[in-house]
Amino acid sequence: MKTTVYINNKINKFNKIIFVPGDKSLSIRFILMASQAIGKSIAYNILMSEDVISALNAIKKLGINYKIYKNYCVIYGKGLDGFSCRNNTIINAGNSGTLSRLLAGLLINIKNTIIMKGDQSLEKRDMGRIITPMKMFGQNIVSKKNKMPLIIKGTSFPRPISYVEKNGSAQVKSCILFAAMKTFGTTKLKCIRSRDHTEKLFKNLNLPIKISKSRKFEYISFKGKKNYKGFNYIIPGDISSSSFFIVLTLLSKKSQILIKNINVSKSRTGIIDILKAMNAKVNLQNKRIYKGENIADIFVKSSNKLKSINCPIKMNSRSIDEFLLIFLVSSVAKGISKFREIGELRNKETDRLKFANNFLNKIGIKTKVTKNSLKIYGNPNLKLNKTYEIKNFDKDHRACMVSFIAALTLGGKWIIQDTDSINTSFPNFIKILKTLGAKIN
Ligand code: S3P
């Protein structure tokens, strides 16, 4: 398959309605939660990307059957003690941090040894953040230098824990909640606020979860060992995938777009609040609630008077996957944009802070970067006319897709390598760009 793409033209004006695929966080959570339910669960509009397929392959290796139909996916769960596998079963989580970390929680009571691997990028990422709490539950989890592969053997008597989560990571929070599901007694968590899809699913399934929130923290208590029946879920579109089109529209001339049926949970809409504060014309229409999740259509118009932002730290977790796009907007906004305490970006599929800094410098934008902050000196008159090659980004899907948006809005000639990485989260990304008129070879 051809993985190098050439873009030599900006996109012309467009005015379209689009749909993006199902939310990745919810798709993976659906699969894992359905694997623990008793009986049949059905998801409509599930994302069919590599990360989600890795999740389906993983539950299959653990003895759970599923079927994929044209519009829906069925999973035949076997309850909280339903996983079964041979000793030394190898599970490959591919590129997915979410799958590897959440699944580790479900393996709290697995009887035989599991060896969990990942691709080159995932094997570089920190697993210490889940190893510590999993050991407290009683899991036997071994790794070298807190990296994958993880060798996991469960315990027959997981004990509830009290834990303070300091990374603002929904993956760690969810890993702990998944382990707590299989534990007698009450697990207590204090965490920096982060996306809350797992908690909403728990509430929806009537699982005994209690949550209170302060400005910075969430306090969760959850009593385990309650079985639940199979359930149905219509997965809304992914705001992280939508964001590429939000920014494409903002930075294009005389264009507008309506992105239908998107999960706009408050824990995910940092990008919208940040862009609005930068003078972007973005708003939510047709707001509704489905199973506790906020859904809306996102309407965006070209915006040519963008101004810089001093980004409040409380936005960081709410826009964690969208920073590359926010940095791109900052590069053409008037003034100096400042982002603090964003060191978590160094822990993603690639070191996104390093990638962003190199990328912005490559297109002639002045920056100042530290271990966990970035200053961007915006240039509203930025016009590119050189050739830019994007490569060596650890196949990070979001690094790859943000390069398409820069290429289609800033000018110049672009060569983008490793575009197969897009299949991780958004297989029809290029197809949708082409329906808007993008010329991509
Ligand atoms: C995710 C949580 C975030 C996010 C990732 C998906 C999730 O990671 O970056 O893409 O589905 O829980 P962290 O938990 O590491 O912040």
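Read the figures in this text as sums done on the coordinates, not as results from a lab. It should be emphasised that the depicted structure is a prediction, and the values quoted were computed from it without experimental measurement. Glycine gets a Cβ as well: all are built from the backbone with ideal geometry, and neighbour counts include every protein chain shown.
Karplus-based coupling profile of the stretch 89-94, in residue order and whole Hz: 5, 9, 10, 9, 7, x, with θ = phi - 60° in 6.51 cos²θ - 1.76 cosθ + 1.60 and x standing for Gly or Pro.
Here the Debye sum runs over all C-alpha atoms of the chain as equal scatterers in vacuum, and log10 of I(q)/I(0) at q = 0.09 Å⁻¹ comes out as -0.55.
With +1 on each Lys and Arg Cβ and -1 on each Asp and Glu Cβ, how big is the dipole of the chain about its Cα centre, in debye rounded to the nearest 20?
Working: 78 positive and 26 negative charges, 178 e Å.
Charge dipole of the chain: 860 debye, to the nearest 20.
Which percent, nearest 5, of DSSP beta bridges in the chain are antiparallel? Roughly 70 percent of the beta bridges in the chain run antiparallel, per DSSP. Between K145 and K226, full extension at 0.36 nm per residue minus the direct alpha carbon distance yields a gain of 25.7 nm.
Taking a Cβ cut-off of under 11 Å around A406, the surrounding Lys, Arg, Asp and Glu residues balance to a net charge of +2, with basic ones at +1 and acidic ones at -1.
When the trypsin sites (Lys or Arg not before Pro) in the stretch 187-281 are filtered for DSSP coil states and for at most 16 other beta-carbon atoms within 10 Å of their beta-carbon, the remaining sites are R215, K216, K225, K226, K253, K254, K266. From helices alone, the chain scores -8500 deg cm²/dmol at 222 nm; the rule is -39500 (n - 2.57) for each run of n ≥ 4 DSSP H residues, then divide by the residue total. Once both labels are positioned 7 Å from their Cα atoms along Cα-to-Cβ, the gap between K314 and T370 label points is 2.3 nm.
The trypsin sites (Lys or Arg not before Pro) of the stretch 348-424 that DSSP puts in a loop, and whose beta carbon has at most 12 other beta carbons within 10 Å, are K371, K383, K391. Summarising the amide proton neighbourhood of I91: residues at separation of 5 or more, or on other chains, whose placed amide H is nearer than 5 Å comprise I115, M116, K117.
As an exercise, use a Förster radius of 22 Å and the Cβ-Cβ distance of Q120 and K391 to find the FRET efficiency, rounded to the nearest 0.05.
Numbers: r = 15 Å, r/R0 = 0.68.
Efficiency, from the Cβ-Cβ distance: 0.90.
What separates the Cα centres of the stretch 246-303 and the stretch 364-441 is a distance of 20 Å. Extension gain, V74 to S156: 0.36 nm times the residue separation minus the Cα-Cα distance gives 26.6 nm.
The magnitude of the dipole of the stretch 24-224, with charges of +1 and -1 set on the Cβ of Lys/Arg and Asp/Glu and taken from the Cα centre, is near 380 debye. Between the residues N385, A407, S265, the greatest Cα displacement towards the positive end of the dipole of the chain, with unit charges on the Cβ of Lys, Arg, Asp and Glu, is found for S265. Amide H contacts under 5 Å for K366: Y377, restricted to partners 5 or more places along the chain or on a different chain, H placed in the peptide plane at 1.01 Å from N. Fully extending the segment from N15 to K210 would add 65.8 nm, taking 0.36 nm per residue of separation and subtracting the current Cα-Cα distance.
Coupling constants for the stretch 144-159 follow from the phi torsions by the Karplus curve (6.51 cos²θ - 1.76 cosθ + 1.60, θ = phi - 60°), and in residue order they are 9, 6, 6, 10, 6, x, 9, 10, 10, 10, x, 10, 6, 10, x, 9 Hz; glycine and proline get x.
With a threshold of 32 Å on the Cα-Cα distance, the over-threshold entries among K61/K348; K117/K281; K213/K276; K173/K287; K348/K386; K10/K147 are K117/K281; K10/K147.
Specify which residue in the list F299, A356, I432 is farthest towards the positive end of the charge dipole of the chain, using unit charges on the beta carbon of Lys, Arg (+1) and Asp, Glu (-1), about the Cα centre. Towards the positive end, the residue furthest out is F299.
Taken about its Cα centre, the stretch 299-418 carries a charge dipole of about 580 debye when Lys and Arg each add +1 at the Cβ and Asp and Glu each add -1 at the Cβ. Where in the stretch 194-232 does the label zone of N65 land, with the point 7 angstrom along Cα→C-beta and an amide N cut-off under 18 Å? Zone members listed by number: 230-231.
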